[in-house]
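Peer 1: Supplied in C-alpha cells, the structure appears directly below.
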Amino acid sequence: MRVGTEIVKYDGYGTVITPAGTFNNAIRVNIYQEYTDSFPEGHYFDATLNEYYWYIAGYPNPIVTLIEVSFFGQPHSTYAEYSTSKSLSSLSEENKAFEIYPNPATESINFRSLNNLEITEVKIVNSLGAIMKMKTQNNMTVNDTNMNVGDLENGVYFVKIKAKNGTILNRKFIKK
C-alpha cells in the first residue's frame, strides 16, 4: 500500500540552453512526491521523487526533464533528459525572431520581431485556453504592436500571433 503526498507547482521561468537550441521564456514545473510503500509482510520503504520539467510555448513535451530519487532520505539516482526533436530546433529559430516585453508585465506588452512579419491576428489566451483579448489588422507588423493587459487578472498568459504567410508564433508572459 502507498501513502504519501504530491505537490505540483510552477516555480520559475527563464532562458534554457540545450544542445537543440536556446529557449527564452521557458517555464519550470516542479512535482514533489514523498511516500511510503508498505507490504503485507511488514516491510516498507520511504521514497522521495523530485521532478522538474521545462516547457516552452508551441511545443507539447518538456524540453528538459530532471528527476531526483531518494530512498530512506538518501540520494539514490538522478535522471536527466533533453529533447532533440527537429521541430524543437525550428522553434528555437522562431524564438530568436520574436519577443514580448516587458515580461512580467503590469499595464501593456510590446512585440518585437527581427524579420518584420506581416501580422493578421494577435490573441491573448489564458491557461485554460480562453481568448481574453484579440486584435486583428491588415498589414500590422510585430514591430509596431502592443496590447493593454492592465485589466487582466494576475497569472500566466499566452500570446498567439498569426502571420500572413501562415506562421503561428506562441509566447508566454506573466501579468503581475
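Each value in this text was obtained by applying a stated rule to the coordinates, not by laboratory testing. These numbers come from a predicted model, not from an experiment. Virtual Cβ from ideal backbone geometry, glycine too; neighbours counted across all protein chains shown.
Peer 1: Starting from the 7 Å offset along Cα-to-Cβ, what nm value, one decimal, do you get for the label separation of ILE31 and VAL156?
Peer 2: 1.4
Peer 1: Then there's this: Looking at the P(r) of the stretch 1-88, how many percent of alpha-carbon pairs lie beyond 23 Å?
Peer 2: 36
Peer 1: By average Cβ neighbour count within 10 Å, what is the ranking of 58-64, 7-13 from highest down?
Peer 2: Most protected by this proxy first, the peptides run 58-64, 7-13.
Peer 1: Order of ARG171, ARG112, ARG28, ARG2 from fewest to most other C-beta atoms within 10 Å?
Peer 2: Fewest-to-most ranking of ARG171, ARG112, ARG28, ARG2: ARG2, ARG112, ARG28, ARG171.
Peer 1: Oh, and also: What pairs in LYS135/LYS164; LYS135/LYS160; LYS9/LYS133 have C-alpha atoms more than 19 Å from each other?
Peer 2: Beyond 19 Å: LYS9/LYS133.
Peer 1: Net charge around ASN30, counting only other residues with Cβ within less than 9 Å of its Cβ (Lys, Arg = +1; Asp, Glu = -1)?
Peer 2: Residues close to ASN30 contribute a combined charge of 0.
Peer 1: Arrange the peptides 72-81, 32-41, 150-159 so that the one whose residues have, on average, the most other Cβ atoms within 10 Å appears first.
Peer 2: Ranking the peptides 72-81, 32-41, 150-159 by packing returns 150-159, 32-41, 72-81.
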